[in-house]
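Input: a single structure, listed below in structure tokens.
Just so it is clear, none of the values below were taken in a lab; they were calculated from the coordinates. Here the structure is a predicted model, which is why all the values come from computation and not from measurement. Glycine gets a Cβ as well: all are built from the backbone with ideal geometry, and neighbour counts include every protein chain shown.
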Amino acid sequence: MNERVREILDWYRTDNPGTLTNLARLMNHGRLGGTGRFVILPVDQGFEHGPARSFAANPSGYDPRYHFDLALAAGCNAYAAPLGFLEAGAAEFAGEIPLILKLNNSDSLYGGADPSPAITGSVDDALRLGASAIGFTIYPGSALRNEMYGQIRELSEEAKRKGLAVVVWSYPRGSGLSKEGETAVDVVAYAAQIACQLGAHIVKVKPPSAHIEQAAAKKVYEKERIPIATLAERVRHVVQAAFAGRRIVIFSGGESKDTASILDEVRGIRDGGGFGSIIGRNSFQRPRSEALDFLRQVMDVYAGKTK
Amino acid sequence: MNERVREILDWYRTDNPGTLTNLARLMNHGRLGGTGRFVILPVDQGFEHGPARSFAANPSGYDPRYHFDLALAAGCNAYAAPLGFLEAGAAEFAGEIPLILKLNNSDSLYGGADPSPAITGSVDDALRLGASAIGFTIYPGSALRNEMYGQIRELSEEAKRKGLAVVVWSYPRGSGLSKEGETAVDVVAYAAQIACQLGAHIVKVKPPSAHIEQAAAKKVYEKERIPIATLAERVRHVVQAAFAGRRIVIFSGGESKDTASILDEVRGIRDGGGFGSIIGRNSFQRPRSEALDFLRQVMDVYAGKTK
Amino acid sequence: MNERVREILDWYRTDNPGTLTNLARLMNHGRLGGTGRFVILPVDQGFEHGPARSFAANPSGYDPRYHFDLALAAGCNAYAAPLGFLEAGAAEFAGEIPLILKLNNSDSLYGGADPSPAITGSVDDALRLGASAIGFTIYPGSALRNEMYGQIRELSEEAKRKGLAVVVWSYPRGSGLSKEGETAVDVVAYAAQIACQLGAHIVKVKPPSAHIEQAAAKKVYEKERIPIATLAERVRHVVQAAFAGRRIVIFSGGESKDTASILDEVRGIRDGGGFGSIIGRNSFQRPRSEALDFLRQVMDVYAGKTK
Amino acid sequence: MNERVREILDWYRTDNPGTLTNLARLMNHGRLGGTGRFVILPVDQGFEHGPARSFAANPSGYDPRYHFDLALAAGCNAYAAPLGFLEAGAAEFAGEIPLILKLNNSDSLYGGADPSPAITGSVDDALRLGASAIGFTIYPGSALRNEMYGQIRELSEEAKRKGLAVVVWSYPRGSGLSKEGETAVDVVAYAAQIACQLGAHIVKVKPPSAHIEQAAAKKVYEKERIPIATLAERVRHVVQAAFAGRRIVIFSGGESKDTASILDEVRGIRDGGGFGSIIGRNSFQRPRSEALDFLRQVMDVYAGKTK
Amino acid sequence: MNERVREILDWYRTDNPGTLTNLARLMNHGRLGGTGRFVILPVDQGFEHGPARSFAANPSGYDPRYHFDLALAAGCNAYAAPLGFLEAGAAEFAGEIPLILKLNNSDSLYGGADPSPAITGSVDDALRLGASAIGFTIYPGSALRNEMYGQIRELSEEAKRKGLAVVVWSYPRGSGLSKEGETAVDVVAYAAQIACQLGAHIVKVKPPSAHIEQAAAKKVYEKERIPIATLAERVRHVVQAAFAGRRIVIFSGGESKDTASILDEVRGIRDGGGFGSIIGRNSFQRPRSEALDFLRQVMDVYAGKTK
């Protein structure tokens, strides 16, 4: 096995061989297999934003099989989705690409300042669907965060016992934070830390901005002169916040739409030591050939084939 | 994914995607990956025959890590062993090769006409060790067979619920059969049928001889003029007995020791439509380089690279 | 075994030998081993205050392994942390220092007058990580205190059945109290009493001030002329409130930053019969050699080697 | 066994012999053993009011063992306390005096119009500590009463299944009642009825005043000319409200401080058919010899040795 | 931590940190702490052979506390005994010496060719008693061996999940073997292999004789010229049979009674790479001072302080 993959697995020595095996599967699949870098396709927008908002731009995406195929053709490390989307293709695509079953999701037919996802799948669902990992979203900053932390704690304990990996989407949001604060560098670093403390193997956060949200944190950033001017510096800080880089941290593609600016962002993530990207809308909302081309370029950045 | 693998998976449409995924893993790994053919390394002889009889010829085999490495280097589809041997290497080799955890075993410090294995592992052990399948031996012909059938039924139900594949070693033996009958073509075909009826995904039997054990069967073989003159014919018959070839049937390497005769046997298995070989002693009791060379030749036969 | 350790264990005769064994492990490890005194390293600030505020001053602390090593090198009795931090080092440091798994934690991305921690670990997590004790924070004075009391009651019952010790951080805070009241001597003594009544083996409180928060209490303190002028007197009162000194009470290092004032405080704790200190930020935010030197001085006070 | 004890046990024929055995233990222990009368020592004030307010007047009371010893020396029927206090002496005093484990408690670091106790122990805790009964406080009149009713229902069901007796402290209090109403005779009678309806074996209420709280009740008391002029009459009414005297009702000592007035009250309880007293602060806040003398006098009243 | 201890722990990377911690405790305690060598005191003869046969020679041994004290004073790594003996001292000696709870035992009031132990304790008993490991005896060669293999499999899975270590006494005996065969080198090596395959962390066997029991094995020993002339050679072979020395194998003291011959045997075990001795009768049947002197000499051999 590739030395980098071994090195990363060694950070998780508390875990059993089943979990290590599934972490290895995530790292060994696709065009970035063996590099310790990740590009994952996540498609939970149908549940989170509604079908038309998610799939009308590229109607192929209404079909659950489209996303399995897209992830596979693009050479992604894994495909992540809620229960229904995985159930609708897991048999047909069995064994072709590692799967991550998202175990909670929020719909947007009910609003509110404080997001509160529903539990939409189980660890045993992940086993019967052949998934390598469970996925779970926490919303630090929400009035309901503790409920989510308690849920992932319990699910994570079960997943680890049964040999699965645990991927946590850590999205600061809710009445405890300003809108700008959701991507503030102090908040994103904190969100990464929380996910790691809750036992995540892989943490997904948003690319951090240079804003600092919390007054108490601001004093420290200034006093210690923590470099946060460039995206690469901010990513480096977030990766450090994830147990000195000993947990895998990947970044969402964000909302930027044009390819050039996304690739710039990806370069920043790479240069800061980020482990990869998880790119949903910017992948499946483009026509298939454009999406494949786009994902190829993203992977080339992580593979070091382009600056 | 390879068309042949898809075709084979299609025989198991009742199974959940987790089990299909693990079947696919067994079929996609190693030098025969994608061909629908198998060469598996099994090492349970330490338990079954004792350590010196198993490993003194090639003392490297005392070390559990040797067999992981051998299976990996040779490009086998999987490595199968009892609990202790897998525990002793599963963390170090996590993610490198599909594993099959043997859940029952017999030692030979107590004899008796009717073999009766002990339960030596659990489905949850398979999950925590990252195995793709459970393995189980039944002894049709033993006075105690029904106990084994009941055990594999229960373990199989659990394994399938948890997304694992089920491999059954079906070895006719016991007071219901003559020694010659253990490999009689009617008995081997019957043993394959029993394993399939008990829900096995993969069945392992011994290469059948031309002997016919049971009088009632003999009449039919003669009346229907079932061709059993050559090994290929007998293998074809056994494969037919395994649900018209819609279950994977693989064959043990037997006790023949010289390479030429084993390769002859393998050709017979291939020509009869057998899915592959599971070769223990003839692999790990040779020096490593000889073993690798030997396994390469076996795989070449299955891959159609040699006659 | 040391007579003092035996004497202390005798206070816990209701507990089973498993719990007594783990209490003994906490008392027998490190430089204060056998004295019945404690210096414990707790590191939950990454979760509670965020990573930069916790670790930027001494960036080594981003790495979870740093704290295991620091606690070990300093000769602390134990190291306490949340799930993620312990998982990231428990295999590597197995058997080297007693561990306390913190089972609840609050982050500060969501504020509010009434603190409400999330459950972040389980008793079975403590067993699989090899911890000697569970840790739990209650916030008397919070509108949500009863939920916490109910949680620790349940966790404590399970921990005791499984042979673990129970450490309760009792921090008065919330809308029922003034800011000054959080460290008022009547409130701290009351907080110690509550933790003991809830079944804690070891109670951690803040060093009490001379302020008295509750009118009903004030009358009694004045009428009974309870001495609370010096820290030693106040500590003695708090220790008395912990079942007449028959429960182990340890004190947090507070926020004071210079070594001299902390050592003064430690002397007050020692002179009042306090059992020790639990010192986080003042340890891990200093450079390693300074921290080791500082902790040595603290231990010397408890060991009676300095005035 | 004494006829009176048999007669009382006969009221509880629905209960299993385990519960009857524990009710008998409560009735057969101490100076009032066999009379069907009770004097019980309860010590939950450390949790309810704080340690200094509870124990500073007689500092011996900080030590949990003091109360076991006091109850034993005074010849009380039982000693009742929260988890921590019982854990701290149950092994040492095992078998010496019946114990009642209080399963809920309120602290007073957080106020509010509507009391809401925390669950602080379990039925299994009672079993492992050797207690004869569980104790539980309900606050009829509180906005949160239904939560408490639901809790005691569940705990009571479990306690009865496991052979324990159930003692309910029924204290009207909360935003549904005036301060004066908390001891109004209609309210106290009602509180006794509620506790009995919830399945209590033994009910503890406060001595009722002649005040009538509820207008609807007042009409009936006047129309039916229910005698409530003297304490004995009011106690008789409350006892009648407790299933026509077929449930054990005992009365708290209240806040009166001088011995003469307490003894007067006790005579009223006795003359009205009350089953006894539960006296905490008036016992353990006096010096030990005074307390023993005082409790002896109370018992003499119930034993009919004094007017 | 000692490098040798780390090296040994590394053989068990599949295990969780709790189990590693308890393995470390066994290796770090006593006079041989840190050497990777073991001397363990086992006392199950009271159950196995009866009290007079076991303790009359040194009547101090009737008292369970004697053996805790003996193991402690001698500096043994651990003390192993059945439930009752541990219950009778575990509280008093809590935290003083690692304990191994024997979970099965045979009495000798019922004979028979095939030994069949009773289950006499549980994994949860081990937790509540503070034990570091469970112990279990298997009798390869017994007609009832499979029942034992199934039991230890199940207990072992539970013990590992709960962070305990697993010690297996592997004693070939029963109608499948001759008396001489019980200690035959082929049989002892086979017994070690079986215990390892069943998942044991530590295996205990008897010192092997030069006899070879099984004809099939004899051919191999002769063909491969496996050296078995000296005890050291035979021990080396048995250690090799225990996963190439990657499992801890310790040896019983046997029945030899004079100190010189035992020490000779211990030298052989040491020279062959055995990990230590487990010495019962030869320890506790001697007067205490003699026993301490004897155990000191044994430990000196393992510590390399004597030839």
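Here are some notes:
- Chain D - share of DSSP beta bridges that are antiparallel (%, nearest 5): 5 percent
- Computed from Cα atoms alone, the Kirkwood hydrodynamic radius reported for the range E:33-95 is 12.3 Å.
- The mean number of partner chain beta-carbon atoms within 10 angstrom of a residue's beta-carbon across peptide A:153-163 is 4.
- Between copies, E:GLU158 shows label-point distances of 1.3, 1.8, 2.2, 2.2 nm, shortest first, with the point placed 7 angstrom from Cα along Cα to C-beta.
- Using Cβ point charges alone (K and R +1, D and E -1), the dipole size of the protein assembly as shown about the Cα centre works out to roughly 620 debye.
- Chain D: most fluctuating residue of D:SER122, D:SER289, D:SER170 per GNM, C-alpha cutoff 10 Å: D:SER289
- Take every pair of alpha-carbon atoms less than 8 Å apart whose residues are at least six positions apart; their mean separation over the length of chain A yields a relative contact order of 17 percent.
- Sorting the segments C:196-209, D:47-60 by their residues' average number of neighbouring beta-carbon atoms within 10 angstrom, most packed first, yields C:196-209, D:47-60.
- For chain B, the share of alpha carbon pairs falling in successive 10 Å distance bins from zero is 6, 29, 38, 23, 3, 0 percent.
- Cα gyration tensor shape of the range A:91-180, rounded if a/c is under 1.5, else prolate or oblate by comparing a/b with b/c: prolate
- For chain C, built as a Gaussian network whose Cα springs stay under 10 Å, the top-fluctuating residue of C:GLY280, C:GLY163, C:GLY176: C:GLY176
- Semi-axes of the equivalent ellipsoid for the protein assembly as shown, computed as √(5λ) from the eigenvalues of its C-alpha gyration tensor and ordered from largest down, come to 60, 41, 33 Å.
- The coefficient of translational diffusion for the range D:129-274, derived via Stokes-Einstein from the alpha carbon Kirkwood radius under 10 °C and 1.306 mPa s, stands at 102 µm²/s.
- Electrostatic dipole magnitude of chain C [Cβ: Lys, Arg +1; Asp, Glu -1; Cα centre; debye, to 20]: 740 debye
- Basic side chains Lys and Arg get +1 at the Cβ, acidic Asp and Glu get -1 at the Cβ, and with that the dipole of the range A:171-290 about its Cα centre reaches some 280 debye.
- Antiparallel %, DSSP beta bridges [both residues in the protein assembly as shown], to 5: 5 percent
- Where the Cα pairs of the range D:200-307 fall when distances are cut into 5 Å bins, in %: 2, 12, 21, 22, 18, 12, 7, 4, 2, 0
- The other copies place their A:ASP114 label points at 1.1, 1.8, 6.5, 6.6 nm from this one, listed shortest first, where each point is 7 Å from Cα along Cα→Cβ.
- Karplus-derived HN-Hα couplings along the range A:179-187 (A = 6.51, B = -1.76, C = 1.60, θ = phi - 60°), whole Hz, x at Gly and Pro: 4, 5, x, 4, 10, 4, 4, 5, 6
- The calculated FRET efficiency for D:ASP271 paired with C:ASP10, based on their beta-carbon distance and R0 = 45 Å, is about 0.40.
- Highest-MSF residue in chain B out of B:ARG225, B:ARG25, B:ARG37 [GNM, Cα springs under 10 Å]: B:ARG225
- Normalised alpha carbon radius of gyration of the range E:149-224 [divisor 2.2 N^0.38 Å]: 1.25
- The percentage of C-alpha pairs in the range A:182-256 whose separation is greater than 20 Å is 24%.
- Pseudo-label separations to other copies for C:ASP258 - Cα-to-Cβ vector, 7 Å, nm: 5.8, 5.8, 7.6, 9.3
- Sorted largest first, extent of the range E:260-307 alpha carbons per principal axis (Å): 30, 18, 17
- Relative packing of peptides C:148-154, C:299-305, D:183-189, B:81-87 - highest average C-beta neighbours within 10 Å first: B:81-87, D:183-189, C:148-154, C:299-305
- The range A:1-79: Cα Rg divided by the 2.2 N^0.38 Å rule of thumb: 1.36
- Residue among E:VAL238, E:ILE194, A:ALA118 farthest towards the positive dipole end of the protein assembly as shown, charges placed on Cβ: E:VAL238
- Prolate/oblate/rounded label for the range E:132-184 (Cα gyration tensor, a/c 1.5): oblate
- Here's the picture: charge each Lys and Arg Cβ at +1 and each Asp and Glu Cβ at -1 in the protein assembly as shown, and of D:ALA52, A:MET299, D:THR183 the one pushed furthest to the positive end of that dipole is A:MET299.
- Shielding by partners for peptide D:72-84, expressed as the average number of C-beta atoms from other protein chains within 10 Å of each residue's C-beta, is 2.
- Closest-to-axis residue of chain C (Cβ criterion, axis taking C to A), whole Å: C:GLU147, 10
- Computed from backbone phi with θ = phi - 60° and the Karplus coefficients 6.51, -1.76 and 1.60, the 3J(HN,Hα) list for the range A:226-231 is 5, x, 9, 5, 9, 4 Hz; x is used for glycine and proline.
- Mean residue ellipticity, 222 nm, helices only, chain A: the sum of -39500 (n - 2.57) across DSSP H runs of n ≥ 4, divided by residue count and rounded to 500, is -12500 deg cm²/dmol.
- The coefficient of translational diffusion for the range E:40-158, derived via Stokes-Einstein from the alpha carbon Kirkwood radius under 4 °C and 1.567 mPa s, stands at 87 µm²/s.
- This ranking places C:LEU99, C:LEU129 by how few other beta-carbon atoms lie within 10 Å of each, fewest first, which gives C:LEU129, C:LEU99.
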